[in-house]
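Okay, structure first, notes after.
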Amino acid sequence: MADKTSGEYDYDLFTIGAGSGGVRASRVAAAHGAKVAIAEEYRVGGTCVIRGCVPKKMLVYGAHFAEDLEDCAKFGWTVEKPQFEWTTLRDNVLADVDRLNQAYTETLENHEVTIFDERAELTGPHEITLASGKIITAKHILIAVGARPHVPGCDGHEMGITSNEAFHLDAIPERVLIAGGGYIANEFAGIFNEFGSKVTIINRTDTLLRSYDHALRDRLLQISMIKGIDFRFHAEFRGIEKTDSGCLKVSMTNHDDMEVDCVLFATGRVPNTEGLGLEKVGVELGKKGEIVVDRFSKTSIDHIHAVGDCTDRVQLTPVAIREGQAFADMIFGKGDPVAVDHNCIPSAVFSHPPIAAVGLTESQAREQLGSIKVYQSDFRPMKNVLAGRNERSLYKMVCEGDNDRIVGIHMIGPEAPEIMQAAAVAVKAGLSKADFDATVAIHPTMAEELVLLR
Ligand code: NDP
């Protein structure tokens, strides 16, 4: 049941930020009967829809055709001189982003959520001031402002781009240098490489994708190198200079300078919390500027909550959506406290090939549980065998030593994220290796390896 605010405040809920978390919370709160408004300074949909997961995945699909076209000859197909036109893909992707932006806007409107297309700041405990100067009051405030790319403060950094700009490039650069070794670096390395760019990843350590199991990271590195992606490790960015020929000269520690056509910074994301008036109203921020919240997404102020990337808990869209839903149900629904379980969250990296994982890595499990058992399948998918593509997949299951309860599954190979979603249910439910063994395989698939592990 909604708060029946009418009179004292303009709205029951005011949400700042119309990304995944903010839109879900606002829509659900409105469905519970609350009077809701939302402010968004850029575009409704947020990072995931406008310049993140969704357009990125479309580029991944577009990029993968390069390999399919290479492999198709072995399957009997002749395709004369395939041509790739970046602007066609780019414009189709951006058109779909427009469609989704419209769909998200309509969802809010259909729930009678008032949308303010402008920046909002807190100017009092219950008061929000919009960029236009309009002042609004609300009983509850939700901060869902997301995060933005972090760009190291080196000389010439303004000549680089981030993932935000990558979707709008005029042309695919011939030579790309990507700074960072995480999700975005590895995903865009795969995309640019398939489109024909010469890609170099530079990373400050020698560890890619730090949170993933070492066996998967090693396999991705090995396959990426075979595909032609170069890596420079222990390379800290020093600066970028423009050369007379218009190229970018990049200097870094421990390695020679490099000339490239594009520098992409993929060095993490920082919460978008500056200039929101949070400190003024007493909302506590952490060291990275993240909003400190409890299990129920409540900030240090009782009626102000925060969800999604700006809280820097788990920077993933489905997590922000769950946090937004839980908040709206708790405050405007039945009123029971609802905490999102941040354990055992499956995740994926849409690299070429993709990675997917859930639960503990082998080293985390060893450290936390002591006695563990690890089962592994290292195989060449049937499609790769016929195509003559020497690219092996790796599936790994980590179990608790005493009872064989599965504590982690880790996969790299075609469609790994699609397979993982179902496997993650089993891990979350606490199933054991014996439960997988008891399940009959679907043959011939890649996923059957999960029930045939020895
Ligand atoms: P990540 O945290 O994945 O990786 C950041 C990389 O940059 C790491 O290699 C890190 O090194 C390095 N780095 C961090 N700070 C600096 C610095 N100051 N100088 C040089 N290198 C630095 O961040 P991304 O930017 O790739 O992605 C941001 C977040 O977005 C991800 O954490 C993820 O939550 C989300 N995301 C999720 C995707 C998905 O679900 N498929 C796709 C894209 C993004 P080190 O390891 O040493 O810290």
Search result, residues across segment 231-255 that are open to solvent by 20 Å² or more (accessible area, probe 1.4 Å), within 16 Å of the ligand (Cβ to nearest atom) and either assigned to a strand (DSSP E or B) or at pLDDT 95 or above (or both): F231, R232, F233, H234, F237, R238, S251, T253, N254, H255
Cβ-Cβ under 7 Å pairs, at least 6 apart or on other chains, segment 153-170 side closer than 20 Å to F192 by Cβ, far side open to solvent by less than 60 Å² (accessible area, probe 1.4 Å) and in a loop (DSSP other than H, G, I, E, B): H157/V151; G160/V151; T162/V151; S163/A266
Options E415, E391; residue that is closer than 27 Å to Y61 by Cα, at pLDDT 95 or above, of a type in the set (D, E, K, R) and in contact with a helix residue (DSSP H, G or I) (Cβ under 6 Å, 6 or more places away or on another chain): E391
Failed item, numbered, when N203 is tested on (1) in contact with a helix residue (DSSP H, G or I) (Cβ under 9 Å, 6 or more places away or on another chain); (2) within 15 Å of the ligand (Cβ to nearest atom); (3) open to solvent by 40 Å² or more (accessible area, probe 1.4 Å): (3)
Segment 75-92 residues that are more than 15 Å from A171 (Cα to Cα), paired with ones that are aliphatic (A, V, I, L, M) and open to solvent by 90 Å² or more (accessible area, probe 1.4 Å) (beta carbon under 7 Å, 6 or more apart): F75/L386
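Please work out if V358 is surrounded by 15 or more Cβ atoms within 10 Å (Cβ to Cβ) and part of a loop (DSSP other than H, G, I, E, B). Explain how you work it out, then say what you get.
Working: surrounded by 15 or more Cβ atoms within 10 Å (Cβ to Cβ): yes; part of a loop (DSSP other than H, G, I, E, B): no.
When the stated conditions are applied, V358 does not pass them.
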Qualifying positions in segment 23-63 - open to solvent by less than 50 Å² (accessible area, probe 1.4 Å) and of a type in the set (S, T, Y): S26, T47
Options I172, I135, I143: the member that is more than 25 Å from the chain's Cα centre (by Cα) and more than 16 Å from the ligand (Cβ to nearest atom): I135
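Here's the yes/no breakdown for (1) free of Cβ contacts under 8 Å to residues at least 40 places away in the same chain; (2) in a helix (DSSP H, G or I); (3) within 16 Å of the ligand (Cβ to nearest atom); (4) open to solvent by less than 50 Å² (accessible area, probe 1.4 Å):
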{"position": "F327", "(1), (2), (3), (4)": "no, yes, no, yes"}
{"position": "I345", "(1), (2), (3), (4)": "yes, no, yes, yes"}
{"position": "S363", "(1), (2), (3), (4)": "no, yes, yes, no"}
{"position": "Q376", "(1), (2), (3), (4)": "no, no, no, no"}
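Would you mention how many residues in segment 256-270 are surrounded by 16 or more Cβ atoms within 10 Å (Cβ to Cβ), more than 28 Å from S393 (Cβ to Cβ) and of a type outside the set (S, T, Y)?
So the answer is 9.
Out of all the residues in segment 291-323, which are hydrophobic (A, V, I, L, M, F, W, C), touching a helix residue (DSSP H, G or I) at 6+ places or on another chain (Cβ under 7 Å) and open to solvent by 40 Å² or more (accessible area, probe 1.4 Å)? It would help to see each step written out before you state the result.
Start the filter on segment 291-323 by keeping residues that are hydrophobic (A, V, I, L, M, F, W, C), which leaves 291-293, 296, 301, 304, 306-307, 310, 314, 316, 319-321.
Right, trim to touching a helix residue (DSSP H, G or I) at 6+ places or on another chain (Cβ under 7 Å) and you get 291, 293, 296, 307, 320-321.
Within segment 291-323, F296, I321 meet the criteria.
The values are calculated or read from the model by the stated rules, or taken from the named source; none is laboratory data. The shown structure was predicted, so the numbers you read here are calculated from the model rather than taken from an experiment. Glycine gets a Cβ as well: all are built from the backbone with ideal geometry, and neighbour counts include every protein chain shown. Remember, those area values only see protein heavy atoms, side chains included, never the ligands or the DNA or RNA. Shrake-Rupley method; radii C 1.70, N 1.55, O 1.52, S 1.80 Å.
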